[in-house]
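Notes follow once the structure below has been shown.
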Amino acid sequence: MTTPHQDRPLLGISLMLGFCVLIPYSDALAKLLGPHLSVGQLVTLRFIFQGLILIPLVILTRRPWRASGRTLALIMARTVLQILGIGLMFTSLIYLPLADAVAIAFVMPFIMLLLGHWFLGEEVGSRRLIACAVGFVGTLLVVQPAFRDVGWPALLPLGVAVDFALFMLITRKISGQTDPIGMQALSAPLALVVLIPLHLLPLDWPGLSWVTPQPAIWGMVVAMGVVGTLGHLLMTWSLRYAPAATLAPMQYLEIPAATFVGWLIFADLPGPLASLGIAITMASGLYIILREQAILRHSATRSKSPEAGPRAAE
């Protein structure tokens, strides 16, 4: 069932395109800041700006953003996964070109399909399983030259994919119980409850070191927080105006956007083997999405047919 807001698909698609364009710039800023600030500090600053932007927004718009009981526990689990996913992505960007890291992480739709089948009992046909296998082969074609160049850090985006697949499954489970923007606003203080004590503990780990940013890089720090938060806000708003099935194919535009940003800022372009792998991954992912849409349309048609009436509940 669609919400009353989901009647302006062009606006929803435009907002999703905004997300795909903005997020690679946020990642690029994190990559530029990597030599100056630890990954833990970057993640913490990212959530500080998320809170500074979204908490006043939900208060001014009177959106619900408090939670308790099981819903709060799930939001906390979702927040921990978000911390881990952003941390893994920022770490991978220290070693990998932007386009390669994003392309490898886009194995996530395949993982989500399998997790949905195993844990939520969702039906997965043979053609979608084959597309998963083909897409994973494409991802390996991207990983192989990256692994040759940098070693094990080339596998970090795979960890991002698994992490955010679990993140999206939890989000799907609680999406009907919370306001999406309110949930993102609540995630900021919850994340800081986890992150700030880690910085205060006497841990000898460079990934959690904290230094005062030099004046010259404060602009990039602020831009990273604002652009990252705005990008995810655009994605959240897009789901208010168009169904997820309509928007899902648009998300793959993040890969060419990341390729362009990587070339523009770092003069990085994927090699021939990685480019082939990116093309295979995108084609397989788009096939799965289009197949999902076809199945949904077929199910809707069957439910409206006269024959489906008496047996619809079976």
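The values are calculated or read from the model by the stated rules, or taken from the named source; none is laboratory data. Being a predicted model, the structure only gives us computed values, none of them experimental. We place every Cβ from the backbone using ideal geometry, glycine too, and count neighbours over all the protein chains shown. The accessibility values were calculated without ligands, DNA or RNA, using every heavy atom of the protein model including side chains. Shrake-Rupley method; radii C 1.70, N 1.55, O 1.52, S 1.80 Å.
Brief remarks on what is shown
- Using the Cβ of residue 173 as centre and a radius below 12 Å, the other residues enclosed give a net charge of +3, where K and R count +1 and D and E count -1.
- On full extension, the segment bounded by residue 114 and residue 217 gains 32.9 nm, given 0.36 nm per residue less the C-alpha separation.
- Fraction of accessible area attributable to carbon and sulfur, the stretch 19-177 (%, probe 1.4 Å): 70
- Backbone HN-Hα couplings from phi across the stretch 146-153 [Karplus 6.51/-1.76/1.60, Hz, Gly and Pro as x]: 5, 5, 4, 7, 10, x, 4, x
- Per-residue Karplus couplings for the stretch 257-267, computed as 6.51 cos²θ - 1.76 cosθ + 1.60 with θ equal to phi - 60°, are listed in order as 5, 5, 4, 5, 5, x, 5, 5, 9, 10, 6 Hz, Gly and Pro entered as x.
- Diagonalising the gyration tensor over the Cα atoms of the stretch 1-96 and scaling each eigenvalue by 5 before taking the square root yields semi-axes of 28, 20, 14 Å, largest first.
- Integer Hz, Karplus 6.51/-1.76/1.60 couplings in order for the stretch 76-84, x for Gly and Pro: 5, 4, 4, 5, 4, 5, 5, 4, 5
- Cβ-Cβ FRET estimate between residue 269 and residue 127, R0 fixed at 35 Å, reported to 0.05: 0.60
- A simple spin-label model places the labels of residue 196 and residue 152 3.3 nm from each other, with each point 7 Å out along Cα-to-Cβ.
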